[in-house]
Amino acid sequence: MATLTSSSIAAATETDARSASEASTSGQDGVISYRQVSEVPAKPTLLTQVFQATLRLLSPERQQQVDVVQLYFLQYKDEHDLPSVMELIDRSLSEPYSVFTYRYFLHQWPNLCYLAFNGSTPIGVIVCKMDDHRGHLRGYIAMLVMDNTYRGKGLGRALAKMAISEMVRGEAEEVVLEAEVTNTGALALYRSLGFIRDKHLHRYYLNNQDAYRLKLLLPLTEEQQKRAQQRQMEADILS
């Protein structure tokens, strides 16, 4: 089962934007500075995640692990962000993608793509979609990439949580993805977020690597629960 709960997600979206701005722009001895809230998409979920992620990086242990100049996360805006997305993914993933694949996701679900930056340098990205699957909304994480230098710092996890939070806001009932069976880092990350193995896909990738399909069940709102019960009743009648 998913580790996310309705209460935890609600708590994660209640941080006041003004408080987040004041805290996140304070820094420590000028080591880290952040964009003003006016320059960041005005969504509580995004601001909360930025604030929480940067607080983790402000600890002495984190500061020793990575040279952070200016860390921030931004939601995909338009085609000006496309080169950054493509460069990060093309140099990191085994699957080749055309520009049309990127545009398929980014034109339809720009709110489900987030980029991480250190200064002006893009260091990570997540690309997702959300659509109907057998009568309910399903989120899908298509690509999640973090620059090698910044792996193991909690930034990939922050990107994933931002996207999942946005899917919850869109009333998705579950999230799925595929990961290579040999990608132990990705499997550990998703397991820590509550994903479970749903299927073993043999020779799924073009390089003939097997994959696991992973699934995360999201907490349902009262209205979603009613719809799920209605679907089940209809299925029982037809069976």
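The values are calculated or read from the model by the stated rules, or taken from the named source; none is laboratory data. Treat the numbers as computed from the prediction; the structure is a model and nothing was measured. Ideal geometry is used to build each Cβ from the backbone, glycine not excepted, and the neighbour counts take in all protein chains shown. To get the accessible areas, we keep the full protein, side chains included, count just its heavy atoms, and leave off ligands, DNA and RNA. Shrake-Rupley method; radii C 1.70, N 1.55, O 1.52, S 1.80 Å.
Consider the stretch 140-151 and keep the residues that are touching a residue at least 40 places away in the same chain (Cβ under 8 Å) and within 20 Å of residue 199 (Cβ to Cβ). The one that is most open to solvent (accessible area, probe 1.4 Å) is 144.
Pairs meeting the criteria (first residue in the stretch 77-105 and over 15 Å from residue 123 (Cβ atoms), second residue among the basic types (Lys, Arg) and surrounded by 15 or more Cβ atoms within 10 Å (Cβ to Cβ), beta carbons under 9 Å, at least 6 apart or on different chains) are 104/129; 105/129.
Within the set 154, 185, the sole residue that is open to solvent by less than 90 Å² (accessible area, probe 1.4 Å), modelled with pLDDT under 95 and under 14 Å from the mean Cα position of the chain (by Cα) turns out to be 154. In the stretch 161-173, the count of residues that are farther than 19 Å from residue 84 by Cβ, of a type in the set (Ser, Thr, Tyr), in contact with a strand residue (DSSP E or B) (Cβ under 7 Å, 6 or more places away or on another chain) and surrounded by 18 or more Cβ atoms within 10 Å (Cβ to Cβ) is zero. Might you check whether a residue that is touching a helix residue (DSSP H, G or I) at 6+ places or on another chain (Cβ under 8 Å), touching a residue at least 24 places away in the same chain (Cβ under 8 Å) and surrounded by 15 or more Cβ atoms within 10 Å (Cβ to Cβ) occurs anywhere in the stretch 190-197? Scanning the stretch 190-197, I find at least one residue that is touching a helix residue (DSSP H, G or I) at 6+ places or on another chain (Cβ under 8 Å), touching a residue at least 24 places away in the same chain (Cβ under 8 Å) and surrounded by 15 or more Cβ atoms within 10 Å (Cβ to Cβ), so the answer is yes.
How many of the residues in the stretch 173-188 are out of contact with any Lys or Arg (no Cβ under 6 Å at 6 or more places or on another chain), touching a residue at least 12 places away in the same chain (Cβ under 8 Å) and not acidic (Asp, Glu)?
8
Among residues of the stretch 210-238 that are in contact (Cβ under 8 Å) with a residue 40 or more places away in the chain and open to solvent by less than 40 Å² (accessible area, probe 1.4 Å), those with a Cβ under 9 angstrom from a residue that is in a helix (DSSP H, G or I) and of a type in the set (Phe, Trp, Tyr), sequence gap 6+ or separate chain, pair up as 216/190.
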